[in-house]
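J.: There's a structure below that I have some questions on.
The values are calculated or read from the model by the stated rules, or taken from the named source; none is laboratory data. Fair warning: this is a prediction, and the values are worked out from it, not measured in the lab. Every residue, glycine as well, gets a Cβ built from its backbone with ideal geometry; the counts of neighbours run over all protein chains shown. The area values use the complete protein model at the heavy-atom level, side chains included, leaving out ligands, DNA and RNA. Shrake-Rupley method; radii C 1.70, N 1.55, O 1.52, S 1.80 Å.
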Amino acid sequence: MKKLYWILGLLVLTFIGDRLGGLILKKAAEKSQFRYSRLYSGAAESEILLVGNSRGLIFYQPYIEEVTGKNTFNTSYNGMPINLARVFVEDYLDKYTTTEKLVLDITMCDRLNDQLIAGFNFYTPYSDGLTDLVRAKQPTMARGAVFSHLFRYNGEIFLRSLKYCIGGDDEDWLNDRVMNDYMIENVVNEADYKIAFEKDTIDLLDTLITDLVPLVRKAQEKDLEVHLVINPYYPAFADKIVNLGSMKSRVESATGLPVKDYSKAVTDPKGFSDYQHLNKVGSRMYIDLLRKDGVL
């Protein structure tokens, strides 16, 4: 019987420790200046909403704010899938009312990424949409978060949020490296590239576009000016993308909106960090074009 009491006592202490630890980490996440923490804490009010994956980070916020005089918020993250972006955009639009424009790079409709979705598990207490998405795509992770509150914070996304608990913001993620000469010379040897892919007779691109449409409709319902764009690739690499034109046409057909194609708009190799991403120099060139065309 004494052994049973010890076991019960250990379980109670473990439960209390888990809940107390979870509460401490929850408070840390809420105080962070990480973009998604600001989204749910009420500190993300902006006039321009930017959406993408790693290629969406080339919407370089400091320069956009400098040339437009408007505040920005960027939901982009490395590997961000469109179904997760949809949740963040819809949550944002339900919470904030001053936003005038949404600018979205349609090439983010290029993948599923259920693993990344699980990484945002610790934000589920603030979002019914995110809760439903995690349950649908990562049910084991969702159940684990109910059982253990500390379990929610076991991942890269939370660790990144901690970086912004001690000050600073996350609007300067764009790197400064320049694509090297080997990459420039070797691009001719790159294999053809396809955005998304077909698997088991399922056209993934159409599936991803299906998630894009309600995001666009929600923004339109909130009277935002919606701009769909194709962010720049290194032009010689853009020539290797076999279905870029098809993707543009399919998005235009599904959304009823034009897609502005900037895939080859930046030509200077010094503006690229690799074939698919601009650096800060190239981003400024691109933003100047978006400004000139009335996108920003």
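J.: Just tell me which lysines come within less than 27 Å, Cα to Cα, of K260; anything on the same chain fewer than 8 places away is out.
T.: K70, K101, K194, K218, K222, K240, K248, K270, K280, K292
J.: Considering the chain as a Gaussian network with a 10 Å cut-off on Cα pairs, which listed residue, E47, E171, E190, attains the greatest mean-square fluctuation?
T.: Among E47, E171, E190, the largest mean-square fluctuation in the Gaussian network model of the chain belongs to E190.
J.: At 1.4 Å probe radius, can you tell me the per residue accessible area of the chain in Å²? Working shown, then result.
T.: Details: 14200 Å² over 296 residues.
Dividing the accessible area of the chain by its residue count gives 48 Å².
J.: Report the dimensions of the stretch 47-149 along its three principal axes from the alpha-carbon atoms, largest first, rounded to Å.
T.: 48, 28, 18
J.: Under a plain spin-label model, where a point goes 7 Å from the Cα along Cα-to-Cβ, how far apart in nm are E47 and V146?
T.: 4.5 nm
J.: Can you give the Kirkwood hydrodynamic radius of the stretch 80-125 from its Cα pairs, in Å with one decimal? Provide the component values of the computation, followed by the final result.
T.: Working: mean 1/r = 0.0834 Å⁻¹.
One decimal place: 12.0 Å for the Kirkwood radius.
J.: Where q = 0.12, 0.21 Å⁻¹, what log10 of I(q)/I(0) comes from the Debye formula for the stretch 104-216, counting one point per Cα?
T.: Reported log10 I(q)/I(0), two decimals: -0.69, -1.19.
J.: Report P(r) for the stretch 207-296: all Cα-Cα distances, bin width 10 Å, range 0 to the bin holding the largest distance, values in whole percent.
T.: Using 10 Å bins, I get a P(r) of 15, 41, 35, 9, 0 for the stretch 207-296.
J.: Taking Rh as the Kirkwood radius, which is the inverse of the mean 1/r over Cα pairs, what is the Rg/Rh value for the stretch 182-241?
T.: Ratio value, two decimals: 1.13.
J.: Mean separation of Cα pairs under 8 Å and 6+ residues apart, divided by the residue count of the chain: what relative contact order is that in percent? List each step's numbers first, then the result.
T.: Details: 478 pairs, mean separation 66.4, N = 296.
Computed value for the chain: 22 percent relative contact order.
J.: Moving on. Run the helix sum for the chain: -39,500 (n - 2.57) per DSSP H stretch of 4+ residues, divided by residue count, reported at 222 nm to the nearest 500 deg cm²/dmol. Don't skip to the end; give the middle numbers.
T.: Details: 13 runs with 145 residues, N = 296.
Helix-only estimate at 222 nm: -15000 deg cm²/dmol.
J.: For the chain, what are the DSSP H helices with axial Cα length of 20 Å or more and mean Kyte-Doolittle hydropathy of at least -1.0?
T.: Values: long enough: 2-31 (44 Å, 0.63); 204-221 (27 Å, 0.46).
Qualifying helices: 2-31, 204-221.
J.: Using only the alpha carbons of the stretch 139-296, what is the convex hull's orientation-averaged projected area in square nanometres? Present the calculation step by step, with values, prior to reporting the outcome.
T.: Values: hull surface 54.2 nm².
Taking a quarter of the hull surface, the average projection is 13.5 nm².
J.: Just how much of K240 is accessible, in Å², when a 1.4 Å probe is used and the result is rounded to the nearest 10?
T.: 40 Å²
J.: Step by step: find N for the chain, compute 2.2 N^0.38 Å, then divide the Cα radius of gyration by it. What's the final number?
T.: On the way: Rg = 21.2 Å, N = 296, 2.2 N^0.38 = 19.1 Å.
Rg over 2.2 N^0.38 Å, computed on Cα atoms: 1.11.
J.: Which of R55, R86, R250 ends up with the largest GNM mean-square fluctuation for the chain, with Cα atoms connected below 10 Å?
T.: R250
J.: Additional query: Taking springs between alpha-carbon atoms closer than 10 angstrom, which of D239, D91, D110 fluctuates most in the Gaussian network model of the chain?
T.: Among D239, D91, D110, the largest GNM mean-square fluctuation belongs to D239.
J.: Just round it to a whole percent: the fraction of Cα-Cα distances in the stretch 104-169 exceeding 19 Å. Each step should come with its number before you reach the end.
T.: On the way: 835 of 2145 pairs.
Beyond 19 Å sits 39 percent of the P(r) for the stretch 104-169.
J.: Just reorder S127, S54 by solvent-accessible area, largest first, 1.4 Å probe, all chains present.
T.: On the way: S127 5, S54 30 Å².
Most to least solvent-accessible, the answer reads S54, S127.
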